[in-house]
Amino acid sequence: MLKKNRLWFRSALLAILVVAVGYTIYNSMNEESGTYISKGDTAPNFVLTDLNGKQVELEDYRGKGVFLNFWGTWCKPCEREMPYMQRQYEKYKEQGVEILAVNVSETNVSVKNFADRYRMSFPIPMDKQREVTKAFGIGPIPTTILIDKNGKVVERTSESLSEKKIISFMEKIKP
Amino acid sequence: MMQKITCECGHSNPYGTSLCQACGKPLKQDVEVLSSMRYEGSARRSQTYKQTFVDKTWNFFSSVKVGVWLIVIILVAAAIGTIFPQETFIPPNVDPATHYESEYGTFGLIYYLLGFHNLYGSWWFILLLGMLGLSIIIASLDRGIPLYKALKTQRVTRHDQFMKNQRLFSKSNDVELDEIKYTLESLRYKVREENGNLFAEKGRFSRWGAYVNHVGLIIFLTGAMLRFFPGMYVDDILWVREGEKASIPGTSTEDGQYYLENNDFILEMYDKEEKKFNSALSSVDGEVAKNYQSNVTLYKTKENHTIGAEPELVKVKNGEIRVNEPFKFDSFALYQTDFKLNEFYKMSFELEEKATGNKFGKLTVDLHDPKKEYDLGDGYKVKIEEYFPNFVLNDQNQPSTVNNLPDNPAFVFSMYSPKTPDGEKAFVGIQKNIDSGENQFKMSFAGIETKDLTALTVRKDHTLWIIALGGIIFMIGVTQGLYWNYRRIWIKQNAGEVWAAAHTNKNWYGLKKDVEFLSDKTNLTPLEEKETASK
């Protein structure tokens, strides 16, 4: 076999394997409950009724940044970040950032009490059937997904957010 | 440029060859013929070219030692992965980040951080498998191809040194060549003749066994890898309450999303009184399950279904799911996996005047969707101030809820009557009814409704046939290499003498039988076994 051919053959075979294994690892990291929405994806559209009975559709927020938060009243870290979210919501609302705090499968009575206690004024879409939660592949809560004005996901995190972090997130998706 | 080595027989061998591919002459000073026979003294290419980074990588993976170490590391990792439960088996709704530490301490945390909790999905485990695959491919190519070439170019006439150094060897004087040829053919050897020399071989294909089984392994690993590719594999769990519909995970496409309705969950037990089972069941405490079954209806939404919107469902079909009898549609199968009996669904209460015991109406609370206010008429009404689906006193001694499942529901009610227009508050839970002590009214428990839940595994697997194919090819390779062996016998005319030598890659006992038979039937001197110091 010619030396040049040998090098080509070996490089090609190694390259194919590196790409295949790399792609597999990439997929394995993004894998959770079948569908998983992560950085770079277009956020799937959804429609939910919020706590006040209003229809909330994600696509209506195109042109604005969307701070999409999944939460529950029983989840302590969620409770911790709510006052921060409310405060920053009031600041960034005029600058074109909207907060949608999707509640995962709870009752209106519980959520209403909670929302009143923390004076939450952003829309709280009620995901009673967990359809949206499933579609976004949400595991543990809270999970926050940042969507830019074009509907693209720019960040996804499951950590409990500090106020500083929330501010930096708001800056990130400000249109 | 690496030099080719031309043997005195005229054959040109690749650089690094230790025994001439054609005649078997040792090409270097200190070559031991017998120990070089494993790969026919061929040049393992990896060991000859060592220049670029690519070649160095190639050489690393060509080593059998590296391959064996990879296997050992993978086995140890897989063993460690069984110490604590995998992520799939920890309770849903808990965060694995905290679960492993709180359950198993520091070691649990390390276990989680290193990815042992999701071993088959962890990047380093996949990387190890990928490296093993690479090692199998390269090691096979590096040995298989030169071996194939050597066996293909081997000549009938072999070099004296090659003959003399074989494990079985003899010299004879007066031999009838045709007789030997005839006898060998009767043993089903393939015999070739050249200048009065003979070469008999049998079972060459068994030498390819190792390579066939490596091809099988590669196909197997490819199948396992494809599970991570989109659309190839779904393994999910779906909980559905009786009477409810839920979207089936992984089944969303452009032309709609599948939904499943749980019409009924059935759990049947064996009847201990029944004669047929009586003796078998008498030794068992408690009941023995006979059947787990879900009766379901499959629906599909119209195209362009928006997630979360009330789905416009079209019924597809009904089905019954039992253990090992899945419900199939498209390329999906739903398996009966788990269940939860008697989850609280609705609770009823009556508004009762403590002093008289008179009742002023009944209300039924849907635990998944309680109303804010229940009007009982005539000025009597009840408000729900607080609702705790799974009540617990938290660390600040405040009533709160563990999660959103109604496993231990509790309420704070406000009761209004014409006598008490400002309302009276009471905390009511299971076996609990607490008020200030001055209330005139109370909520008395009036019954509960429950529902069963079924859990189904949603499975789609386009990789199974690839994995099965890999497994079959692997077994063919193993059989080929284990149940057959490559036996060779050489006969050479040498200055009036006749030299005979024999070799096999395994099963020397069988080969010796063959050469004994040969010397019995002909006047060939029985072949003698050489004392091998290296053995």
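Compute the separation of the alpha-carbon centres of region B:351-411 and region B:106-136 and state it in Å as a whole number. With region B:351-411 and region B:106-136 each reduced to a Cα centre, they are spaced 49 Å. Within chain B, the whole DSSP H helices whose Cα atoms reach 15 Å or more along their own axis and whose mean Kyte-Doolittle score is at least 1.6 are B:64-80, B:464-483.
Just to check, using Stokes-Einstein with a Kirkwood Rh over alpha carbon pairs, what's the diffusion coefficient of the protein assembly as shown at 4 °C and 1.567 mPa s in µm²/s?
Values: Rh = 32.4 Å.
Using the Kirkwood radius from Cα pairs, D works out to 40 µm²/s.
Listed by chain and number, the aspartates and glutamates whose C-alpha is less than 20 Å from the C-alpha of B:K275, apart from same-chain residues fewer than 8 away, are B:D285, B:E287.
Net charge near B:D264, counting Lys/Arg +1 and Asp/Glu -1 over other residues with Cβ under 9 Å of its Cβ? Net of charged neighbours comes to -2. Taking the longest Cα principal axis of chain A as reference, the axis of helix A:108-117 is set at about 80 degrees.
Taking 4 °C and 1.567 mPa s as the conditions, I'd like the Stokes-Einstein D for region B:241-355 in µm²/s, using the Kirkwood hydrodynamic radius from alpha carbon pairs.
Working: Rh = 17.4 Å.
Result for D is 75 µm²/s.
Convex hull volume of the Cα atoms of chain B, normalised per residue: 294 Å³.
Compute the Cα gyration tensor for region B:405-509, then decide on rounded, prolate or oblate, letting a ≥ b ≥ c be the square roots of its eigenvalues: rounded whenever a/c is under 1.5, prolate when a/b is larger than b/c in the other cases, and oblate in all that remain.
Numbers: a/c = 10.05, a/b = 6.60, b/c = 1.52.
Prolate.
When the listed pairs B:K245/B:K383; A:K54/B:K315; A:K93/B:K315; A:K149/B:K451; A:K112/B:K317 are checked against a 32 Å cut-off, the alpha-carbon distance exceeds it for A:K93/B:K315; A:K149/B:K451; A:K112/B:K317.
Across region B:449-456, rounded Karplus estimates of 3J(HN,Hα) from the backbone phi angles (6.51 cos²θ - 1.76 cosθ + 1.60, θ = phi - 60°) give 10, 10, 9, 9, 10, 10, 10, 10 Hz, Gly and Pro being marked x. A simple count of charges around B:E194, restricted to other residues whose Cβ falls under 13 Å of its Cβ and scoring Lys, Arg +1 and Asp, Glu -1, yields +4. The angle separating the long axis of helix A:3-29 from the principal Cα axis of greatest extent in chain A is about 20 degrees. The distance from the alpha carbon centre of region B:434-493 to that of region B:501-522 is 50 Å, rounded to a whole number. Classified by the C-alpha gyration tensor, region B:380-454 has an oblate form. Its axis ratio a/c, with a ≥ b ≥ c, is 1.5 or above, and a/b does not exceed b/c.
With an a/c value under 1.5 for the gyration tensor axes a ≥ b ≥ c computed over the alpha-carbon atoms, region A:47-173 is described as rounded. Between the Cα long axis of helix A:163-173 and the first principal axis of chain A there is an angle of about 70°, rounded to the nearest 10.
Every read-out reported here was derived from the displayed coordinates using simple, explicitly stated rules and does not represent laboratory data. The shown structure was predicted, so the numbers you read here are calculated from the model rather than taken from an experiment. Methodologically, a virtual Cβ is constructed for each residue, glycine included, from the backbone with ideal geometry; neighbour enumeration extends over all protein chains shown.
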